[in-house]
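For reference, the structure discussed in these notes is given below.
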Amino acid sequence: VQLQAYGGGLVQAGGSLRLSCAASGRTLSTYTMGWFRQAPGKEREFVAAIESGGATYYADSVKGRSIISRDNAKNTVYLQMNSLKPEDTAAYYCAATRYDYKDPRRRLSYDYWGQGTLVTVSS
């Protein structure tokens, strides 16, 4: 599975962005998909995940401001982020795992990673 994340950019605080993660090589319909982010000097952290059956998980830091969704027909996963804050500034990575039984909030649960897309939120 090859994943490509895109949609990052520069946005003012309070604004919105929609990140996309397109997959090739395999259909994603049976995979759990996740979004993680990594700010400079910090560890990569969980943001959101969606299981093959549609169950979703969110980090407390983005809950209520973000929505993860998937379009299996397009083999794409999205992360809609609203009310962005400067602390949301980071490189955002998408990831995939074949195993729904693994904790989707853990980095080690994922088998495949895309390259990051940079989100910068100005104050």
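The values are calculated or read from the model by the stated rules, or taken from the named source; none is laboratory data. Quantities reported herein were computed from a predicted structural model and do not represent experimental measurements. Virtual Cβ from ideal backbone geometry, glycine too; neighbours counted across all protein chains shown. Heavy atoms of the whole protein, side chains included, go into the accessibility calculation; ligands, DNA and RNA do not. Shrake-Rupley method; radii C 1.70, N 1.55, O 1.52, S 1.80 Å.
Couple of notes before you dig in:
- Anchor LYS63: lysines whose Cα lies under 16 Å away (excluding residues fewer than 8 positions away in-chain): LYS85
- Gain on full stretching of the segment that runs from LYS102 to GLN80 - 0.36 nm per residue minus C-alpha separation: 5.5 nm
- Per-atom-type breakdown for the chain gives carbon and sulfur 47% of the accessible area (1.4 Å probe, protein chains only).
- Here the contact order of the chain, divided by its residue count and restricted to Cα pairs under 8 Å and six or more residues apart, works out to 37 percent.
- Selected from ARG65, ARG37, ARG105 as most flexible by GNM, with the chain as the system and alpha-carbon contacts under 10 Å: ARG65
- Most fluctuating residue given options GLY25, GLY41, GLY14, as computed from a GNM of the chain linking Cα atoms under 10 Å: GLY41
- Charge dipole (Cα centre; +1 on Lys/Arg Cβ, -1 on Asp/Glu Cβ; no other charges) of segment 28-123 amounts to roughly 40 debye.
- Take the Cα of ALA13, go 7 Å toward its beta carbon, and the backbone nitrogen atoms of segment 80-104 under 14 Å from that spot belong to 83-89.
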